[in-house]
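Read through the structure below, which is laid out as structure tokens, and then see the notes.
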Amino acid sequence: MILQGNVHKYSDNVDTDVIIPARYLNSSNPADLALHCMEDIDAAFVANVRKGDIIVARQNFGCGSSREHAPLAIQASGVSLVIACSFARIFYRNALNIGLPILECPQADEIKAGDELRVNLDTGLIENLTQNTRYQAEAFPPFLQNIIAQGGLMNTIAASAK
């Protein structure tokens, strides 16, 4: 699967409380969550994000609470992929569970806000079309690629039960 989009860049330790502030957790509706995604760290994110855009961050993206609302808000905002140097374990798992592609790439800190990326999820190749550079992330094994392609773990289970 090939994804292409413009970068929204963040630093280290972006926690789930700034991805989707707790004051909005009275709803689990993805569209409602998307309206407030990243607002405490980037007030312009919701106005600027476009379908297919990519979030890039440094270390420990998604730290904090274990709420699934965080990757759900990101996905519902139109973001197609999150790339970071590293992810908090629970965010990593929650993202995969809902079918939000994520890639760990040690060179993610070299990617700049506004860069255009083309990413091959099957191989892990990240092409920075703006800077004319390439990075190699570790591709997911086929069973995880299947979960992402099916739109999450629950959809995968439902499809296998048929």
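The lysines within cross-link reach of Lys51, meaning a Cα-to-Cα straight distance under 30 Å and a gap of 8 or more places when in the same chain, are Lys9, Lys112.
With a sphere of radius 12 Å drawn around the Cβ of Gly124, what net charge do the other residues whose Cβ falls strictly inside it have (Lys, Arg +1; Asp, Glu -1)?
Values: positive: Arg134; negative: Glu104, Asp122, Glu127, Glu138.
So the environment of Gly124 carries a net charge of -3.
Divide by every residue of the chain the summed helix terms, -39500 (n - 2.57) for each DSSP H run of at least 4, and state the resulting mean residue ellipticity at 222 nm, rounded to the nearest 500 deg cm²/dmol. Working shown, then result.
Numbers: 7 runs with 48 residues, N = 162.
About -7500 deg cm²/dmol.
Highest average first, the peptides 75-86, 106-117, 128-139 ordered by how many other beta carbon atoms sit within 10 Å of their residues are 75-86, 106-117, 128-139. Of all DSSP-defined beta bridges confined to the range 43-130, some 35% are antiparallel rather than parallel. With Kirkwood's inverse mean 1/r over C-alpha pairs for Rh, give me the Rg to Rh ratio of the chain, two decimals please. Rg divided by Rh gives 0.95.
Projecting the Cα atoms of Ile148, Ala43, Asn132 onto the dipole axis of the chain, where Lys and Arg carry +1 and Asp and Glu carry -1 at the beta carbon, places Ile148 farthest toward the positive end. Close amide-amide hydrogen proximity is noted between Thr133 and Asn128, each under 5 Å apart and 5 or more residues distant or on a separate chain (H modeled in the peptide plane; Pro and chain starts excluded).
Antiparallel DSSP bridges in the chain: what percent, to the nearest 5?
Working: 13 of 25 bridges.
Antiparallel: roughly 50 percent of the beta bridges in the chain.
Sorting the segments 2-8, 68-74, 21-27 by their mean number of nearby beta carbons within 10 angstrom, highest to lowest, gives 68-74, 2-8, 21-27.
Every number here is computed from the coordinates shown, using simple stated rules; none is lab data. Keep in mind the model is a prediction, meaning the values are calculated, not measured. Cβ coordinates were reconstructed from backbone atoms using ideal geometry, including for glycine residues, and neighbour counts include every protein chain displayed.
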